[in-house]
Each structure stands twice: as structure tokens, then as C-alpha cells.
Amino acid sequence: MDIAEEFQRLLDTDWREAAVYGSRFSLKSGTVARILLIRARQKKTRIGCFREFQNSIAESSHQLLKDLIEYYDLTDFQVTDNAIINTVNGSDFLFKGLHRNDQS
């Protein structure tokens with residue numbers, strides 16, 4: 001997977017949280033999705049994909065991750081309507097809206 005030089009630091013494993021800033025069309029979403037797929041393949045990881053407002057899975061990053069999994073033929077991921085799981089190590093992606101969610 002190609003990762004732009006500006007985002008190479010995200011491939012390091014010495015961080016728990018990161019923030020990525022940039023303007024529209026700066027490749028943030030696609031690059032971060034690629035990095036998270038790489039990390040999810042390296043070791044068991046639970047990845048939360050949150051939006052303030054998300055009324056459906058269609059409004060989440062689920063489709064972007066699904067498209068990348070298909071593009072790179074990552075057969076170790078199982079994609080369902082509302083989850084993405086790595087079948088080798090159990091890594092999973094959680095998709096949730098935060099607004100007016102008491103448990104968020």
C-alpha cells in the first residue's frame with residue numbers, strides 16, 4: 001500500500017492516538033484508512049471509527065475501508081453490513097455516531 005511521505009510517521013508503533021490535519025482533498029481519509037488496515041493486520045487491534053453525526057453505516061468510513069479491502073484484495077478481512085473483522089488475528093473496526101448517544 002502506498003503511504004505518502006507526510007504520513008509515514010503514522011506507520012510507527014509508538015503512538016496510541018494521533019490527529020491528522022489538512023484541507024479538503026489532502027488524502028487524509030484514504031491514507032489513514034490504509035494505515036489502520038496495515039495496523040489491523042499486524043496485531044489484534046480494536047479500531048473505533050466515530051463521527052459526531054452518523055445516522056447509518058452508509059454515513060461512516062465503512063465504505064472507504066471496504067473499497068480498500070477489495071482494491072488490495074485483503075482476503076484476511078471479513079466485511080459485513082456493519083462490521084469489519086480480521087479473520088487471522090481478530091482485529092475489528094467499530095462504527096458509531098456520537099451525537100445524542102448516552103454511552104458515547
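The values are calculated or read from the model by the stated rules, or taken from the named source; none is laboratory data. Small disclaimer: the values here were computed from a predicted structure and weren't measured. Heads up, the Cβs are rebuilt from the backbone with ideal geometry, glycines too, and the neighbour counts pull from every protein chain shown. The protein model used for the area step is the full one, side chains on, heavy atoms only, and it has no ligands, DNA or RNA in it. Shrake-Rupley method; radii C 1.70, N 1.55, O 1.52, S 1.80 Å.
Below is a table of values for the structure above.
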{"quantity": "Residue satisfying all of: in segment 22-35; open to solvent by 40 Å² or more (accessible area, probe 1.4 Å) and under 24 Å from residue 82 (Cβ atoms); modelled with the highest pLDDT among these", "calculated": "34"}
{"quantity": "Members of segment 5-21 that are assigned to a loop (DSSP other than H, G, I, E, B) and surrounded by 12 or more Cβ atoms within 10 Å (Cβ to Cβ)", "calculated": "20"}
{"quantity": "Verdict on residue 90 being at pLDDT below 95, under 21 Å from residue 50 (Cβ atoms) and among the small types (Gly, Ala, Ser)", "calculated": "no"}
{"quantity": "Near pairs, Cβ below 6 angstrom, 6+ apart or cross-chain, from segment 36-49 (assigned to a loop (DSSP other than H, G, I, E, B)) to any residue that is open to solvent by less than 20 Å² (accessible area, probe 1.4 Å)", "calculated": "44/91; 45/91"}
